[in-house]
Structures are given as structure tokens and as C-alpha cells.
1. Cα gyration tensor of region 476-619, axes a ≥ b ≥ c as square roots of the eigenvalues: rounded (a/c below 1.5), prolate (a/b > b/c) or oblate?
2. Taking the Cα-to-Cβ direction at Val229 and at Ser685 and moving 7 Å from each Cα, how far apart do the two end points lie in nm?
3. Once you place label points 7 Å from the Cα toward the Cβ at Asp712 and Val200, how far apart are they in nm?
4. Summing +1 for each Lys or Arg and -1 for each Asp or Glu, what net charge is found among the other residues whose Cβ lies under 14 Å from the Cβ of Leu463?
5. What is region 1-121 by shape, rounded, prolate or oblate, if you read a ≥ b ≥ c off the alpha carbon gyration tensor as root eigenvalues and call it rounded for a/c under 1.5, prolate for a/b larger than b/c, and oblate otherwise?
6. What is the Cα coordinate range of region 243-287 on the first, second and third principal axes, sorted by size from largest, in whole angstrom?
7. To the nearest 20 debye, what charge dipole does the chain have about its Cα centre, counting +1 at the Cβ of each Lys and Arg and -1 at the Cβ of each Asp and Glu?
8. Given labels modelled 7 Å from the Cα in the Cβ direction, how far is it in nm from Thr20 to Asp295?
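Every read-out reported here was derived from the displayed coordinates using simple, explicitly stated rules and does not represent laboratory data. All values reported here derive from a predicted model rather than from experimental measurement. When we count neighbours, we look across all protein chains shown, and the Cβ atoms used for this are built from the backbone with ideal geometry, even at glycine.
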Amino acid sequence: MAEPIDEQFIESVGAMASPTPWRSPAPTEPVREGSVLTVARCLELFDAQLGSRHLDLAARVLQAGGAGFYTIGSSGHEGNAAVAGALRPTDPALLHYRSGGFFLERARQVGGGDPLRDVLLGVVAAAADPISGGRHKVFGRHDLAVIPQTSTIASHLPRAVGVAFAIGRARRLGVDTPWPADAVAVCSFGDASANHSTAVGAINAAALGAYEGLPLPLLLVCEDNGIGVSVPTPGGWIESAYSGRVGLEYFAADGCDLAAAVDAATRAAHWVREHRRPAFLHLRTVRLMGHAGSDVESAYRSPAVIAAEQRRDPLLGTARLLVESGALAPAEVLARYRRKRDDVLALAREVALLPRLTTADAVMSPLRGPDPGSVSAGVDKPAGTRSRAQVFDGALPEYAGCLTLAQSINRALLDTLAAYPEAMVFGEDVARKGGVYGVTRGLANRAGTARVFDTPLDEQTVLGLALGAGVSGLLPIPEIQYLAYLHNAEDQIRGEAATLGFFSSGRYRNPMVVRVAGYGYQKGFGGHFHNDDAVAVLRDIPGLVLASPARPEDAAPMLRTCVAAAKTEGAVCVFLEPIALYHERDLHEPGDEGWLAPYEGPGGWAAAHVPIGSGRIHGDGADLTIVTFGNGLRMSLRVARRLRTRGLDARVFDLRWLAPLPVADLLREARVTGRVLVVDETRRSGGVSEGVIAALVDSGFEGAIARVTSEDSFVPLGEAARLVLVSEEQIEAAAVGLVGRSR
Ligand SMILES: Cc1ncc(C[n+]2csc(CCOP(=O)(O)OP(=O)(O)O)c2C)c(N)n1
Ligand SMILES: [Mg+2]
């Protein structure tokens, strides 16, 4: 079916008249008096606009033929080609899904390749799609510095702030980054998306950073078509909300008028590059052909409104500029329009026949997890003796006797900062205060405040900085103060960090080690929010590495493993630290110092390496295997000693990694005794024990299985916490019961 905007373009251009007397302007002349847009540049940008429009039309043809799967288009937004034109192709770009014009113009600047074909490969989900490998239609390409975005609107804004931050910070640290030192990060989004809390938080973080004087070269582009699916944005809202804001320079233009868009985009891009501060470019656009192919716009917009939008078609606007300036005759405009249609449809016919992804393995190849060989090679990379001596101020931790869990993590962080000049540790209260529990104490003094710093109180910003830093060649180690506060920003790990490799076939990576203080059992402190044990939300993220150290001698090597996996393989790692064990010294009796351990010096790092997905067995009891992690390890070791006095010999298996689970080790240790008791301090529903037991069943374990878990409850304040958290008494009773019933 012919699209009204297609017919309208042909009719309207056909009715245009060349100026009389006609005079052909020089390519270097402005296409309109007073604009920086020359005739030659206007023709180039028009080509991108035409390409973008015909990609949208072809996507609908492909879908109608059963070969295409994506019809959210750029029609009405083709003016964003002006933004690409105002920037350099080395400026990192995180784009709205209506960025056909931007993408094609940037590809033209770089040259080579066939960007029209690339977009169509995404539309038909062909395995040959050069960015996502057939996994999704995204605008992205590594050589164009276009970082692909997910479909979750606004979720890319925190990362964009992070990229802008990283441009300045990498320069200050003297660290290599893919972006030139004077680069500008650009990030576009819709008007409805501008109201999303993710966008509001990110824009606030950018303005706050600028207010504090941080270099933050970020061009925010709001493509305001006045509507989000079917819901209008009130007239004037974007301007009222974002003009005149401290820390944010505001520019605006009619995005349907290419000369005006180029003028404003050029001023905005230049301003950001000069000042190294964020700016907000408000481009007024229209949305043509509905939200997507499946959207029946007439259900919520009147014919008069739809027709008025169509009259503002930016392609018509550029055609008018070219005809009125004498650069092209109407017939020449139409010839270009038709030629582009033919080119795009020919490509569409060709790509429709290309192979798709055909196996689950192929789909999941970017999720395969870090290669154990390169991780183990990566752990043994200590800093030189001199820089270690310097950073530790002569007090090398391997000679400091036995350390607590918190101290071991602190020393391992310092060793990481010494070994990797690109590593940064940051979060709420981590620098000056040294963390709520002192885990990062002293790091800022030793490694400098450019590498260990406090962030605004916004977990989304903490993770966004990590996302932007990681993709920029830095090695971020952000801290989330409490597990309960990860949840409000969790999509930055799930939707952004973990999907980037998937949607870019591993071409883009955002290495990070997110330290999270969590779990229950803090003595007499905190209630639910300081004793949260909800880990299901992390365990189900494909490809995520979830470390759960409990003992000091495991924590340091596990942190090194995570750092190496992030560095060498771009892994997204979460390092979940049990708060209640941070300062624990004893295991069985007060004063026995059974929960302290020495710190391994660099000579022993390779030997101490803890591969991802490897558990640890404590003891060699033959009567039952207690499978546990975190606080459960200390409780289970204490119970195991008591069980021995009752004639039961238990071995205790520490999972150490909650994702991926150490299934092979688990099965081996389960089979030795034939009896498994899972001790799970998290919830009964959605907790770790479900995964452990499912893994045993899936692997064909036929022995006896039991579990004790905390209740499906939030943790109350004070002593009442004991009522819902799993206890040593419960573990002991369950162990006795399990052996009794299966003897
Ligand atoms: C977080 C989130 N919520 C809901 C959606 C579904 N959705 C997709 S696009 C959209 C409207 C976006 O409008 P706007 O930001 O104005 O962009 P436009 O499509 O108008 O260019 C909605 C609600 C989504 N993708 N992400
Ligand atoms: Mg909109």
C-alpha cells in the first residue's frame, strides 16, 4: 500500500517551481541567506535524509512480505542528519531509535561500507548484520563510534553521561581511550523519554557535574515530535523544563528545517567542544507513519493533526531549500528520491534472502562468559615492586599478618589500583569517608582523588559512570552502598551492561566490577534495607558473573579474578560482599581468629587464582555435604563442628560463585556423601537454593536433598531479624534430620 507521505512528497515536489530568473548557486554558497549550510553540504545531508526515508518504506515492504521484523522508523526525524553533520565521526554517539539520518550521514563522513544495507540487515535479522549479528535491529557500528542502544527508552542516558565523564577523566589520568581528547559525546532521545526518571536523573547528573566544574562534553539532543506513542507531551514542556537550567546550555531549532537544524546543531556542538560542558539541543520534529508499522495512528490523532504533521515533512523542507536556492530543479529532486528508492529496494530484496541465526548457540555466543584461560593469565599482573611499595606506603599487606574480610578487599582494591592505571573506584561515600564500613578507607589518599572518588547519591549515575567508563577503555569498580539500593538502578546492569555485548556481537564491551555490600545478619543493625538478601534479580541476568566471597583468603583472589575477567574479556561482574563478615575475626570461639587470613603477595597470585564457577570444599566429612555461601559458610562451619560431637561428619562446600554456579564441583562434592543440605541465607522463593537443587537434579544426582533458607520476608529491625533469617539451630536440626531419614 502506498504511504501518504510518499505520495505527498512526489506531488508536492512536482508542484514546486524553480526561482525565476533561475541561477545555479556555487556549491560553497549558503543554501539560504544567513545559514552556515552550504549547497554542497545540503545535498549530502539530503542524501542521508532520502536514504533514511526509503529505509523506513522498505522496512514496511519487508514486513508485509514476512521478511522484516522491525518498523519503528525515523520518518519526520530525518533532520537529525544535521546533528551528525555538526559533529565528528569520532565523537561517541548513543542514539534514539529514530536516527536513520544521523547514522547515514556519519557513515558518509567515514566512507566505505554500505550503511543502507547494514540497516536492512538489522531489519531482516540477518546473521550478517555487522553490529548485532542478527540479534536486534539497532543503530550501531564500531567504526562509526555509534554504541548500540537497547529499546528501553532513556536507559542510555546514564551511560552517555559516563562516556562524557570518561573523555575528560581518561585525559587527566593519561589513559588511552577510543575517543579523541577533544571528543564530544552525543546522546539523543524523544520528548516523552525526557520525562523518564532515568533521563531526568542522568541530565541532572550531567548538570551537577558541570556545576561542580567537571569536564563533561555531552550534547543531549531531544527530538521532540510532541508525542510518545499516543500520549502528547504538553506544548512548551521540554523548553520550560530544560532551558535556562544551571549547568546546561540550551539550543533549539525546527528539526524539519535542515538549514535551521544545521545552524543550531553546529552552534551547540561547537559550544560543547569549546566549553567541555553539557548542552541540550531541542529539535522540534514530527512523527510520520505512526509510532511503528503496527500503530494505527488514526485511533488517537485526528485526520487534521496527521495532515498538519505531514505538511511539515522534513524531506519536503529540504527539497524546498534545494529548489528555492536553484541547487536542484524539482525533477532532479524527484529523480534522486526515486533512485534512492530503487537502490534501497534492491538491497532489501537481496538481504531478505540471507541466512538468519539458526541455533541457540549462535544466538548466545556473546554470552558465553569469560574464557578461563585468558582470565587465569590475567590474574597474575601485579604492579611493579616500586609502585606497590609506594601505593602501600611501605606496609605491604602480605607482611601484615592476618586480615579481616574488609581489610583483604581493601588491599586487593589497592593492588588493583596499583596494577591498572585505568582502574577507578567510586560510589557514594567511598572516598573521603572510606565507605560506610571502611572497606575503601585510605584508597583515595593512596591512589588519588581522580581515581577514587565520591559520586552523587544516585545509584543509576554510579552505574552509568561505570558503563561509560568501561566502554571508554577505563576499568570501573563502582560500589553500591547496600544491595537494597541496587534495585532502583538495576536496569543499568541488566538492560545496559549485560546486553551490550549481545547486541554488538561483542564488538563493544563494558567491563566492570560492581562491588555491592549485602546480605543479612548485621548484629542489631539496620532492618531490611541494610540486610537485604535479594539476589534473584542478579542471578537471572544472562552472562553476568556473580561473585560471593565469604572468607578473606577467597575475597582477594576472587576480586583479582573479576578484575582480570573484566579487563581481558569485558565481563560484567558483581562482587557481593557479606557486610556481617566484613569485620568478623572469629569462627568458633571468641578470640580464635578463625575468620582472619593472611594476604597473598604477588608471587602467589597465580597459585591462589579462583576460577569463575569454582567452589571450595572445607573438610572431608563423609556423612553429608552442606552446600552454602556467604554468611551461611561461617554458620555451617560452626554447625559442622557441633555435628562431629554428635557423631556426624559433614563437609562444607562454599559455592563462592552464584552465577555461574560451580555445578561440576557441586556435583562431585554431593556424590561423595550422597546427601546434600543446602544452607541458603536468601529467600525460600527465588533464592539460591532453588538453583542449587535444580542443578543437582538436572545433573542426575540421586542422593538425599534438603534445604534450610531464610523466610520469604523482609528483614525486620532488631532481634526480630532472627525470626526470619536461617539460624545455626535450623541448620543443625536439618543436618541431623537429613542423615537420619536417608540412612
Ligand atoms: C522504559 C520504557 N517504557 C516503555 C517503553 C515503550 N515505548 C517505546 S517508545 C515509547 C514512546 C517514546 O516516546 P518519545 O520518547 O517521545 O519518542 P518517539 O517515539 O516519539 O520518538 C514507549 C512508551 C519503552 N521502550 N521503554
Ligand atoms: Mg516523541
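1. Details: a/c = 2.55, a/b = 1.30, b/c = 1.96.
Oblate.
2. Once both label points are built, they end up 2.7 nm from each other.
3. 3.3 nm
4. On the way: positive: Arg159, Arg494, Arg515; negative: Glu428, Asp458, Glu459, Glu479, Glu490, Asp491, Glu496.
With Lys, Arg at +1 and Asp, Glu at -1, the neighbours total -4.
5. On the way: a/c = 2.47, a/b = 1.26, b/c = 1.96.
Oblate.
6. That gives 30, 19, 14 Å along the principal axes, largest extent first.
7. 800 debye
8. 4.3 nm
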